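Q: The following block contains the structure, expressed as structure tokens.
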Amino acid sequence: MTIYNLGSINVDHVYRLHHMPQPGETMASRDYAQGLGGKGANQSVAAARAGAQVVHIGAISAQGEDWVLDRLAEYGVDITHIARLPHVASGHAIILLDAGGENAIILHPGANGRLEAGSVERALEGIGPDDTLLLQNETNLQVEAARIARAAGARVIYSCAPFDIDAAREVLPHVTLLALNEVEAAQLTAASPAGIQVPAMLVTLGADGAEYRDLAAGTVARQPAFPVEVVDTTGAGDCFAGYLAAGLDMGRDLPEAMRHAAAAAAIKVTRAGAGDAIPEAAEVLDFLATHRRD
């Protein structure tokens, strides 16, 4: 069982501020850090740290950033199918983080939007019914990859973020689990008067936890968030999605997979950073051992 992830890889530039700037306002940051990010990389790291076998399909610049590949490999991600593209910048994000842990993010896609169809097809040659494909709205070739995966009988988990209704409409016919936050869920519902035609939805609700909505059965499974002191929410939803994908891939039942995912996300938000802040499986088990009633 393998998780394939056609996913973005970003270099995160994080600026800590007392508050978010208003239009026309200039302010000095309290701190600056650079780290590994991108919804795709975050989800790959989360799934790998949860214990799944993860193959990342993506691209970065051929100029510099070797540390990005080293970091992914260190976390247990197979980097064989990450291309190095000349004359294009790696994807990167400018992240503004306020004193309360909330963020605002500007993305530059860079190499994430320059993936070649042949490379993606070769990377997915071995995908089968026991495997999972992860997708997000931060790369090209999402529809092509989803078609390949569904034709092979694989599970397809699609994070509809950043929200783009046109991209969503193209991908959704091939999706088995749609993952999004409550704002994105409201946007998609408003844009879909005929209903959202997917078997299931995972909706992350921030401090209120998450819901798994089985649209075929008409049931909802809820997982409360664990109460923790929040430092940085960047990548928390990706951490949850990656851990959930890994749990399902490893045969956990849904309530157990969601509980592990919620614990991982809770630990992550107590730390600064995105992909680099995602906990290992052993840390999640230790956390759950002390939160039996949550």
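Q: Mean Kyte-Doolittle of at least -1.0 plus a Cα span of 18 Å or more along the axis: flag which DSSP H helices in the chain meet both, please. Could the numbers behind the result be given before it?
A: Working: long enough: 236-249 (20 Å, 0.76); 254-269 (22 Å, 0.64).
Length and hydropathy pass: 236-249, 254-269.
Q: Mind putting a number on the dipole of the chain about its Cα centre? Charges go on the C-beta only, +1 for Lys and Arg and -1 for Asp and Glu, and I need it in Debye to the nearest 20.
A: Details: 20 positive and 36 negative charges, 61 e Å.
Approximately 300 debye in magnitude.
Q: Using 0.36 nm per residue, how much length does the chain from Asp130 to Ala217 gain when fully extended, once their Cα-Cα distance is taken away?
A: Roughly 29.1 nm would be gained on extension.
Q: Considering only the stretch 7-289, what is the antiparallel percent among its DSSP beta bridges, to the nearest 5?
A: Antiparallel bridges make up about 45 percent of those DSSP assigns within the stretch 7-289.
Q: Could you pull out every residue, at least 5 positions away or on a different chain, whose amide H is within less than 5 Å of the one on Leu6? Hs are placed 1.01 Å off N in the peptide plane, and Pro or chain starts have none.
A: Amide H neighbours of Leu6: Ile57, Leu134.
Q: With the crude spin-label approximation of a point 7 Å out along Cα→Cβ, what separation in nm comes out for His87 versus Glu144?
A: Going from the His87 label point to the Glu144 one covers 1.9 nm.
Q: Could you tell me which residue out of Gly7, Leu172, Ala50 lies farthest along the dipole of the stretch 7-289 toward its positive end? Charges go on the beta carbon: Lys and Arg +1, Asp and Glu -1, centred on the Cα centre.
A: Of the listed residues, the answer is Leu172.
Q: Could you identify which residue out of Gly153, Gly251, Gly206 has the top mean-square fluctuation in a GNM of the chain using Cα springs shorter than 10 Å?
A: Among Gly153, Gly251, Gly206, the largest mean-square fluctuation in the Gaussian network model of the chain belongs to Gly251.
Q: Pick from Ala277, Ala33, Ala168 the residue whose mean-square fluctuation is largest in a GNM of the chain, springs joining Cα atoms under 10 Å.
A: Comparing Ala277, Ala33, Ala168 in the GNM, the peak value goes to Ala33.
Q: Counting pairwise Cα distances across the stretch 30-150, what percent come out greater than 19 angstrom? Write down the numbers at each step before the final one.
A: On the way: 3647 of 7260 pairs.
When all Cα pairs of the stretch 30-150 are counted, 50 percent exceed 19 Å.
Q: Run the quick spin-label model on Ala33 and Leu285: label points 7 Å from Cα toward the beta carbon, then report their separation in nm to one decimal.
A: Result for the modelled spin labels: 2.7 nm.
Q: Using a 7 Å offset from the Cα along the Cα-to-Cβ direction at both Thr189 and Ile165, what is the distance between the two label points in nm, to one decimal?
A: 1.6 nm
Q: How long is the gain from Val230 to His13 if the chain were fully straight, where each residue apart is worth 0.36 nm and the alpha carbon distance is subtracted?
A: Answer, rounded to one decimal: 76.2 nm.
Q: Using the Karplus curve 6.51 cos²θ - 1.76 cosθ + 1.60 with θ = phi - 60°, work out ³J(HN,Hα) for each residue of the stretch 219-234 in order, rounded to whole Hz, and write x for Gly and Pro.
A: Listing the rounded values in order: 10, 10, 9, 10, 10, x, 7, 7, x, 9, 8, 7, 10, 7, 8, 4 Hz.
Q: A further question on this structure: About the Cα centre of the stretch 1-158, what is the dipole size in debye to 20, counting +1 per Lys and Arg Cβ and -1 per Asp and Glu Cβ, all else neutral?
A: Working: 11 positive and 17 negative charges, 38 e Å.
The dipole magnitude comes to about 180 debye.
Q: Here's another thing I want to ask about it. Taking 0.36 nm per residue of sequence separation and subtracting the Cα-Cα distance, how much length would be gained by fully extending the chain between Ile106 and Leu69, in nm to one decimal?
A: Working: separation 37, 0.36 × 37 = 13.32 nm, distance 2.25 nm.
My answer for the length gained is 11.1 nm.
Q: Now for a different question. Under 10 Å, Cα contacts only: if you run a Gaussian network model on the chain, which one of Gly37, Gly64, Gly275 comes out with the highest mean-square fluctuation?
A: Of the options given, Gly64 has the highest mean-square fluctuation.
Rule-based calculations on the coordinates, nothing more; no lab input. As the structure is a computational prediction, the values presented were derived from the model and not from experiment. Here Cβ is always computed from backbone atoms with ideal geometry, including for glycine, and neighbour counts include all displayed protein chains.
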